[in-house]
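Structure first, then comments.
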Amino acid sequence: MTDATRPLRVLVADDNPVIRAGLTAVLSAADDLTVVAEAEDGRAAHEAALRHRPDVILLDVRMPGVDGIAALPNLVRVAPVMMLTYSDETALVQEAVRLGAGGYLVHGEFTTQQLTEAVRDVGRGRPHFTPTATNALLAHIRGNATAHTKPELRVPRKEFTTHHLSQLQSSVGQSSQSRFQLSGREAEIMDLIASGMNNQQIAAVCFISEKTVKNHINRIFAKLHTTTRAQATAKWLGVA
């Protein structure tokens, strides 16, 4: 297998084991991505990066011990790094980019499909940011602008979402979503069910409660006229 065809090798660093497991499950479900190691803090991430030499590193900002920002300068020497975090403070985004981060995703602003595409982008050397991070960088640029700069036309937040976060869906998923009249969130959760994830992992990846996941699944089962995950997956994939 050549470098062009082998899967991108990913290191996931987050202090929350449930989030790590969820991210690993989502990324591993993609044919062109594979998780080679997990780490619970910045020090462990650096050690794992040196040992496994990943193509991309997903890095949380706030972790006990050595946090993501402290570990970032050493990690970017090994592989491109994408911050994946709840921390949306403008100063943190700007500092992460200054230290070499190739992307910054804020939880709650992306779908699982957008996450996998972001990993591919960063692995190819293309920066990837969710709307809050984009706005933080724009604020920094505007703050450094001269006083003679003409008034700026503010771009609606929605345009950044469309431009920076392209959502890729398989033809099977698209046709099934339309056929069964699932909402966007229901289709996303059905994809995760089909990939083999349990409710706890789905909740962690989608950043919703397990109760909300169960409510979505009940609605999905009703629309697909099924009672089990196996039946729902078979219908969703068009093999039943």
Ala30: among the hydrophobic types (A, V, I, L, M, F, W, C), over 21 Å from Gly100 (Cα atoms), surrounded by 16 or more Cβ atoms within 10 Å (Cβ to Cβ) and at pLDDT below 95, yes or no?
-> yes
When the range 210-226 is examined, which residues are found to be more than 16 Å from Leu182 (Cα to Cα) and not basic (Lys, Arg)?
-> Glu210
Scanning the range 210-239 residue by residue, those in a loop (DSSP other than H, G, I, E, B), open to solvent by 60 Å² or more (accessible area, probe 1.4 Å) and at negative phi turn out to be Thr227, Leu237, Val239
Just one listed residue, out of Asp41, Asp55, Asp60, is open to solvent by less than 60 Å² (accessible area, probe 1.4 Å), acidic (Asp, Glu) and under 15 Å from the mean Cα position of the chain (by Cα), and it is Asp60
Which listed residue is farther than 22 Å from Ser28 by Cα and modelled with pLDDT of 85 or more, from Gln181, Gln113 = Gln181
Residue match in the range 74-93 (condition: in a helix (DSSP H, G or I), closer than 25 Å to Glu188 by Cβ and not basic (Lys, Arg)) | no
For the range 3-20, pairs from a residue that is more than 19 Å from Asp67 (Cβ to Cβ) and surrounded by 14 or more Cβ atoms within 10 Å (Cβ to Cβ) to a residue that is basic (Lys, Arg) and at pLDDT 90 or above, with Cβ under 9 Å and 6 or more apart or across chains, are Leu8/Arg120; Arg9/Arg53
Which ones in the range 76-96 are under 24 Å from Val205 (Cα atoms) and hydrophobic (A, V, I, L, M, F, W, C)?
-> Ala79, Val81, Met82, Met83, Leu84, Leu92, Val93, Ala96
Could you pull out the residue among Leu182, Leu224, Leu192 that is of a type outside the set (D, E, K, R) and touching a residue at least 60 places away in the same chain (Cβ under 8 Å)?
-> Leu192
Take the residues in the range 195-209 that are among the polar types (S, T, N, Q), surrounded by 14 or more Cβ atoms within 10 Å (Cβ to Cβ) and touching a residue at least 40 places away in the same chain (Cβ under 8 Å), then tell me which one is farthest from Leu182 (Cα to Cα).
-> Gln201
Among the listed residues Gly125, Gly102, which satisfies the condition of being closer than 27 Å to Val18 by Cα and either loosely packed, with under 12 Cβ neighbours inside 10 Å or at pLDDT 65 or above (or both)?
-> Gly102
Neighbours by Cβ (under 6 Å, 6+ apart or cross-chain): first from the range 24-39, in contact (Cβ under 8 Å) with a residue 60 or more places away in the chain and within 13 Å of Arg6 (Cα to Cα); second buried (at least 19 other Cβ atoms within 10 Å of the Cβ) and of a type outside the set (Val, Ile, Thr) = Leu33/Leu8; Leu33/Leu27
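The values are calculated or read from the model by the stated rules, or taken from the named source; none is laboratory data. Fair warning: this is a prediction, and the values are worked out from it, not measured in the lab. Ideal geometry is used to build each Cβ from the backbone, glycine not excepted, and the neighbour counts take in all protein chains shown. The accessibility values were calculated without ligands, DNA or RNA, using every heavy atom of the protein model including side chains. Shrake-Rupley method; radii C 1.70, N 1.55, O 1.52, S 1.80 Å.
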